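Pasting in a structure now, in structure tokens, and then I'll have a few things to ask.
Every read-out reported here was derived from the displayed coordinates using simple, explicitly stated rules and does not represent laboratory data. Computed from a prediction, not measured in an experiment: that's the story for all the values here. Don't worry about glycine lacking a Cβ; one is built from the backbone with ideal geometry, like all the others, and counts go over all protein chains shown.
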Amino acid sequence: MTTFVYPPTLFFGRLLNFFSDENPIWEICPTSIDINDYLPIRLNPTPLPTLSDHIKHQVLGTESNMYLVRRIQVQKYPIVRSNDKIHLIDELSIDQIYNFVLLGNGDLIFSQIPRGKYKYFYQLLTKHVTLARRSCDVRFAGEMRKFGDGEILLINNNSGTYRPNDRILPNAVAYFQRLFPHLLVREISRN
């Protein structure tokens, strides 16, 4: 098990600290858990409902733009933290919401959803498609947060891009429970 933390770039980190908090991207790469045992189906992005959504997606959501956004947001090379997934998840703030994606290789990638006055610009940086780097092998996407005394992890399937079905949410909960056995993992409504 290897954990990567992609800290903000020097410029972007300073900018984020001016408007909000730093917003690194965390990536946990399990080596002993087969995601196909839990979530065997690939999710496709859902069709966009309006013409303006479609145009926005075609302009902002291109692979080159996603790469550029990620390069601006975080440093190219991560800080490697071997076998440190428990400490990493324990470091997360209680009652702070994080967007996450689970990829076909089992990687869990997540980032804090910014709050505050300037949150809308920064939400682009934590969108599921950005976290997944436009991967065509996304198995689940949603939000998570630690609750109570920090020993409960709540997850949902709130992703406008991938829209995981409610029926596979218990499978994602089981995967998270296997990944973080020291936490009690529960599903919550996407609303």
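In terms of modelled amide H atoms, which long-range or inter-chain residues lie less than 5 Å from the amide H of residue 185?
153
While we're here: Hey, rough spin-label estimate for residue 151 and residue 174, points 7 angstrom out along Cα→Cβ, what's it come to in nanometres?
Reported label-point gap for residue 151 and residue 174 is 2.5 nm.
Then there's this: Per residue of region 128-145, what does 6.51 cos²θ - 1.76 cosθ + 1.60 with θ = phi - 60° give for ³J(HN,Hα)? Whole Hz please, x for Gly and Pro, Karplus curve as stated.
4, 5, 6, 4, 7, 6, 6, 4, 9, 10, 8, 9, 6, 8, x, 10, 9, 7
Now, a different point. Taking H as built 1.01 Å from N, whose amide H comes closer than 5 Å to the amide H of residue 96, not counting residues under 5 places away?
146
I want to check the label-to-label distance for residue 41 and residue 133. Put each point 7 Å from Cα in the C-beta direction and report it in nm to one decimal.
Taking the simple label geometry, residue 41 and residue 133 are separated by 2.7 nm.
Right, another one. Pop out the ³J(HN,Hα) list for region 33-38 in order, Karplus 6.51 cos²θ - 1.76 cosθ + 1.60 with θ = phi - 60°, rounded to Hz; leave Gly and Pro as x.
10, 8, 4, 5, 5, 10
Amide H of residue 140: which non-local residues (sequence gap of 5 or more, or other chain) have their own amide H closer than 5 Å, using H built in the peptide plane?
It is 102, by chain and number.
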